[in-house]
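Worksheet for the structure shown next.
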Amino acid sequence: MASHRERNRAVYFGQSKGPLREYIPSFAALSRRQGYTNATINSRLRLVRALDRWIQKRRVRIEGLSEKRCSQFFRDHRKRHKVNCSDDANLRSLLTYLREAKVLGPPVFRDQTTPIDQLQADFAHHLEEQRGLRPTTLEQYLFHTRRFLLGRFGSGALRLDELNSQDIVRCVLGQARTVSRHAARCMAKALRSLLRFLHQRGDIATDLAASVPSVAYWSLAELPKYLTPWQIALVLKHSEQGNATVQRDRAILLLLARLGLRASEVVRMRLEDIDWETGELTIHGKGGRDDRLPLPRDVGQCLAEYLRRIRPKCPYREVFIRARAPHQGFADSAAVDIVVQRALRRAGLNPATRGAHLFRHGLATRMLRNGASLAEIGRVLRHQSVCATSIYAKVDLTALRTLAQPWPGGEA
């Protein structure tokens, strides 16, 4: 009977003689560091070995491995084998590992098989190199402009010289009826950027950016959505006990409630940002701005407990790590919003909005009602503009009553 070591060696090397053979052990070690179980690692390696045999049979050099090649492999593989729902994600992880190891070059933007794909690739390069947009913002711009181009030209030839202001107005008005005001404003900004890019390249003779209609958005038109102090206390109470995920979530909720952090700031927090000796946190905020905030006692205790007992062991430096494999930092701010949504459900609350900003607005509202000035609230929330803080004046009903004028004909 084969020993445990021999079985493991068979998993790593068995039936693998292609160009991926030498990278399989290190990919397995990476999967183990990321917290995957042995069963999942073995399943991953079986898939990689099958891919290795496939590219060897077709005499594909490892430098030619790409998302397109993996799609071709899947079409052949599923004809003879059962395909797991995680197989696609596992191969994406393999490609990411090979690129980080400098074995593969950067991914090609889509397949660039249609004129729209090619234009989007050129536009993305412009946004990244010339405008310096963040990846999330770049993705939004590409999403909105692709919808516009597909709606106007379909998948056929791009007759850009035929674009006119009527096309643009029709697109913006049509989309504005089906999406939120914020999404409509993002779409308008993306279209203006695309039209300026096309004019600079000479694809259109006239700069049509000015023909993109503005989406009405009145400053201070809405009340801030927030949690009351008793609702915040209820959410925290229902996060005191539970599994490791709930304990991690409690530390996140305390940062939101006590310091009013943005979701993105929680995601970007790293281990070296916590200064235990001085009791301070370094917060990486908007626009590349860094601020140091005092670390409240209850937040510090909860963070220390999470880091000592709950946080998975992994090579990543982010404070908050995914509870399930791969054990790495959160992908984006949406993960923190999901933490808030779970906490609200545990507490039996169902507010109209359920994002992380509920706690930030709740902190500002509580400070205002306890006598803090708008300038003081702005410093705590690290607003760069007084206008960003002025919306909270609308929830100070006591102060607003002193400004109310008597009803005509009523008592003085």
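Worth a mention:
- Residue match in region 73-84 (condition: over 20 Å from the mean Cα position of the chain (by Cα) and in contact (Cβ under 8 Å) with a residue 40 or more places away in the chain): yes
- T145 falls short on exactly one of the conditions (1) surrounded by 15 or more Cβ atoms within 10 Å (Cβ to Cβ); (2) among the β-branched types (V, I, T); (3) assigned to a loop (DSSP other than H, G, I, E, B), and that condition is (3).
- Residue among A28, A50 that is within 29 Å of the chain's Cα centre (by Cα) and modelled with pLDDT of 90 or more: A28
- Residue within region 186-203 that is touching a helix residue (DSSP H, G or I) at 6+ places or on another chain (Cβ under 6 Å), surrounded by fewer than 19 Cβ atoms within 10 Å (Cβ to Cβ) and under 20 Å from D117 (Cβ atoms) present: yes
- Screening the candidates A335, A343 for the property of being over 27 Å from R134 (Cβ atoms) and within 23 Å of the chain's Cα centre (by Cα) yields one hit, A343.
- Helices (runs of 4 or more DSSP H) within region 62-128 that include 1 or more residues surrounded by 13 or more Cβ atoms within 10 Å (Cβ to Cβ) and of a type in the set (S, T, Y): 87-100
- In region 344-358, the residues that are without any contact (Cβ under 8 Å) to a residue 24 or more places away in the chain and touching an Asp or Glu at 6+ places or on another chain (Cβ under 9 Å): R354
- Per-region count, region 267-284, residues surrounded by 16 or more Cβ atoms within 10 Å (Cβ to Cβ) and either in a loop (DSSP other than H, G, I, E, B) or not assigned by TED's automatic domain parsing to the domain that holds F330 (or both): 1
- Among residues of region 265-279, those that are in contact (Cβ under 8 Å) with a residue 60 or more places away in the chain and more than 12 Å from F320 (Cα to Cα), counted: 0
Every residue, every condition in (1) farther than 20 Å from Q328 by Cβ; (2) more than 27 Å from the chain's Cα centre (by Cα); (3) at pLDDT 90 or above; (4) outside the structural domain of C302 (by TED's automatic domain parsing), yes or no:
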| position | (1), (2), (3), (4) |
| --- | --- |
| L223 | yes, no, no, yes |
| L236 | yes, no, yes, no |
| Q241 | yes, yes, no, no |
| T245 | no, no, yes, no |
| R250 | yes, no, yes, no |
| L255 | no, no, yes, no |
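- Within region 148-159, the set of residues being surrounded by fewer than 16 Cβ atoms within 10 Å (Cβ to Cβ) and in a helix (DSSP H, G or I) comprises L150, G151.
- Hits in region 161-183 (condition: modelled with pLDDT of 80 or more and buried (at least 18 other Cβ atoms within 10 Å of the Cβ)): L163, I168, C171, V172
- Filtered by the rule that a residue be surrounded by 13 or more Cβ atoms within 10 Å (Cβ to Cβ) and of a type in the set (V, I, T), region 329-355 gives V336, I338, V339, V340.
The values are calculated or read from the model by the stated rules, or taken from the named source; none is laboratory data. No experiment lies behind these values; they were computed from the predicted model shown. Using ideal geometry, Cβ is built from the backbone for each residue, glycine included, and neighbour counts are taken over all protein chains shown.
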